[in-house]
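**Q** Below you will find the structure I want to go over with you.
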Amino acid sequence: MTLRGRLFGLGVGPGDPELLTLKALRLLREAPVVGYFVAKGKKGNAFGIIEQHLQPAQQLLPLVYPVTTEVLPPPLAYEQVISDFYDSAALEVATHLDAGRDVAVICEGDPFFYGSYMYLHDRLASRYGTEVVPGVCSMLGGASVLGAPLVYRNQSLAVLSGVLPHDELKRRLADADAAVVMKLGRNFPKVYAVLQQLGLDGRALYVERATMANQKVVPLAQVDPQSSPYFSLIVVPGQRWQG
Ligand SMILES: C[S@@+](CC[C@H](N)C(=O)[O-])C[C@H]1O[C@@H](n2cnc3c(N)ncnc32)[C@H](O)[C@@H]1O
């Protein structure tokens, strides 16, 4: 009987290749199959981070998103299309696992922090041995390059999705000691408006592609709302404690 392969979810950090952990690197090098999520026609951020470590014998398993926008023309519904895609991606991965081959699925940042790997994990972890290696997530990479301590003493941090509706975002930001807003892109104008309404725009900091070679730190007021990329985030640091 063939022993089943194991599934590894490897966080590869937010962009700087030196932020890859030693453990992720070891498991990546040992894996006969390397899976990665990627948009059509793109190389993928996670792949770019680890490419230099791949060996010729390793089999690549690109899992190509059928769509990259959440707004689809009717009768297509994003949730259905993407859920079908994760089903078929899980089947592809399972084929290798059933044949006894370990599969390492790389994930930008951390696999369990908004990472697509988690949709494979949810589908496969009850049937196959899995191991997840945490990565430096974009929120922490972003805070570091912005030089922004996130939370002092007993403050609490809110991690918010820029996709939230205006009023919900406002309510949660108003309550937060400190916050990180993810998934900006076309949500940027709404998020910026909320920060202005709450008088937080002077405290908030913005970064695009934190720790990547093409990282950009821009004062919030100077961000072009039409060109804010998906790989950007806003940090509202906690009020400094004069300790
Ligand atoms: C699907 S989530 C992936 C998060 C990732 N798993 C992590 O641990 O950070 C994508 C969102 O993460 C944020 N993001 C990811 N990498 C980033 C980076 N290097 N710089 C700024 N934001 C980033 C953006 O807000 C983007 O919309």
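**Q** Given N residues in the chain, what is Rg(Cα) / (2.2 N^0.38 Å)?
**A** Here the answer is 1.09, to two decimals.
**Q** Which of the aspartates and glutamates could be linked to residue 183 by a straight reach, that is with a Cα gap under 16 Å, when you skip same-chain ones fewer than 8 residues away?
**A** Answer for residue 183, where 16 Å is the Cα cut-off: 70, 108, 110, 168, 208, 224, listed by chain and number.
**Q** For residue 217 paired with residue 240, estimate the spin-label separation in nm (one decimal), with each label point 7 Å from Cα along the Cα-to-Cβ line.
**A** With each label point 7 Å from Cα toward Cβ, the separation is 1.4 nm.
**Q** Determine the dipole magnitude for the chain: charges of +1 sit on the beta-carbon of Lys and Arg, -1 on that of Asp and Glu, nothing else is charged, the reference point is the Cα centre, and the result goes in debye to the nearest 20.
**A** Taking the Cα centre of the chain as origin, the dipole is about 300 debye.
**Q** May I ask you to evaluate 6.51 cos²θ - 1.76 cosθ + 1.60, the Karplus curve with θ = phi - 60°, for each residue of the stretch 95-108 and list the ³J(HN,Hα) values in order in whole Hz, giving x for glycine and proline?
**A** Whole-Hz 3J(HN,Hα) from phi for the stretch 95-108: 4, 5, 4, 5, 7, x, 9, 5, 10, 9, 9, 7, 8, 4.
**Q** Right, another one. Students often forget the sequence filter, so: which lysines lie under 17 Å Cα-Cα from residue 42 once same-chain residues fewer than 8 apart are removed?
**A** Leaving aside lysines fewer than 8 places away in the same chain, none come within reach of residue 42.
**Q** Mind checking the per residue accessible area of the chain for me, 1.4 Å probe, whole number of Å²?
**A** 52 Å²
**Q** Heavy atoms only, probe 1.4 Å: what % of the accessible area of the stretch 139-236 goes to carbon and sulfur, would you let me know?
**A** 50 percent
**Q** Hey, can you grab everything whose amide H is under 5 Å from the amide H of residue 178? Only 5+ residues off in sequence or another chain; H modelled, so Pro and N-termini drop out.
**A** Counting only residues 5 or more places away or on other chains, the set is 156, 158.
**Q** What percentage of the solvent-accessible surface of the stretch 7-136, computed with a 1.4 Å probe over protein heavy atoms, is contributed by carbon and sulfur atoms?
**A** Taking all protein chains in place, the stretch 7-136 shows 55 percent carbon and sulfur surface.
**Q** Now, a different point. I'm a student and want to see the number: the projected area of the Cα convex hull of the stretch 180-231, averaged over all directions, in nm².
**A** Taking the Cα atoms of the stretch 180-231, their convex hull projects to 3.4 nm² on average.
**Q** Oh, and also: Using the Cα atoms of the stretch 7-136 to build a convex hull, what is its mean projected area in square nanometres?
**A** Average projection, Cα convex hull of the stretch 7-136: 7.9 nm².
**Q** Report, in deg cm²/dmol and to the nearest 500, the calculated mean residue ellipticity at 222 nm for the chain, where each DSSP H run with n ≥ 4 adds -39500 (n - 2.57) and the sum is divided by the residue count.
**A** -9000 deg cm²/dmol
**Q** Among 215, 116, 148, whose Cα sits farthest toward the positive end of the charge dipole of the chain (+1 at Cβ of Lys/Arg, -1 at Cβ of Asp/Glu, about the Cα centre)?
**A** After comparing all options, I get 148.
The values are calculated or read from the model by the stated rules, or taken from the named source; none is laboratory data. Because the structure is predicted, anything quoted here is derived from the model rather than measured. Methodologically, a virtual Cβ is constructed for each residue, glycine included, from the backbone with ideal geometry; neighbour enumeration extends over all protein chains shown. To get the accessible areas, we keep the full protein, side chains included, count just its heavy atoms, and leave off ligands, DNA and RNA. Shrake-Rupley method; radii C 1.70, N 1.55, O 1.52, S 1.80 Å.
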